[in-house]
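The values are calculated or read from the model by the stated rules, or taken from the named source; none is laboratory data. These numbers come from a predicted model, not from an experiment. Because the Cβ atoms are built from the backbone with ideal geometry, glycine has one as well, and the counts that use them run over all protein chains shown. These area figures cover heavy atoms from the full protein model, side chains too; ligands, DNA and RNA do not enter into them. Shrake-Rupley method; radii C 1.70, N 1.55, O 1.52, S 1.80 Å.
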Amino acid sequence: MTAAHPSLVVVRLLEALSVPAIVGMLSIATACGGGGGGGAGSSTPTAPSPGGGSAAPSATIMIGSSVTPADVRIDTGDSVRFVNDSSRVHEIKSDPHPTHGSCPPIDRSGTLQPGASTVVGPFTLTGTCHYHDHSDPENASLRGQIRIGVDSPGPGPGYLRP
C-alpha cells in the first residue's frame, strides 16, 4: 500500500469534519496568531512603543515650539501619542522637575528625535498628570496636562514613585 499525498490526507480530514468544527478550529488558529506562513497577506507584528503603550492612542499631542493641545482629557486605560513636530530633541517627563515620577506612563516616553513619536500608557489611575520637556523645563509653552477619567484638573492619579 502506498502512502497518500499529504494534501490528499488534509482534504480527507476536512471532509470528515463538520462545518462548525472547521470554523471553530479556524477561529482558534486566528486568535492564537496561527495561519501565517509569511507569504503575501501575512501581517508582521509591530514592536511595542518605547513608551510601553500598546493600545491605539485616544489623543495625540504635538510638540513644536509648544505642546498642542496642552490640556488633554482621556478615559482611564487609554494611551496618548506624543509627536515631535520640531527640529530639536524633546524629552517629555512628568512633574515635578527634576525628580519626575508622578506619572510613570509619561516618564517612559524616552527621548523624541525630530519627527519621531511615541505612545505612552495605558493610564490606569484617574487624576491629572502634569508634564514638561525635561530638556527645557522652564519653558511654560512646553508644559501640559493629561486628565485621566476626570473632567476638571485636579490632583495627580496617585502613582507610587519607584
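Would you check if there is a residue in segment 104-121 being surrounded by fewer than 20 Cβ atoms within 10 Å (Cβ to Cβ) and over 21 Å from P57 (Cα atoms)? No: segment 104-121 contains no residue that is surrounded by fewer than 20 Cβ atoms within 10 Å (Cβ to Cβ) and over 21 Å from P57 (Cα atoms). Screening T124, T128 for residues that are open to solvent by less than 10 Å² (accessible area, probe 1.4 Å) and modelled with pLDDT under 95 leaves exactly one candidate, T128. Looking at segment 90-101 only, could you name the residues that are open to solvent by 40 Å² or more (accessible area, probe 1.4 Å) and closer than 24 Å to S58 by Cα? The answer is E91, and nothing else.
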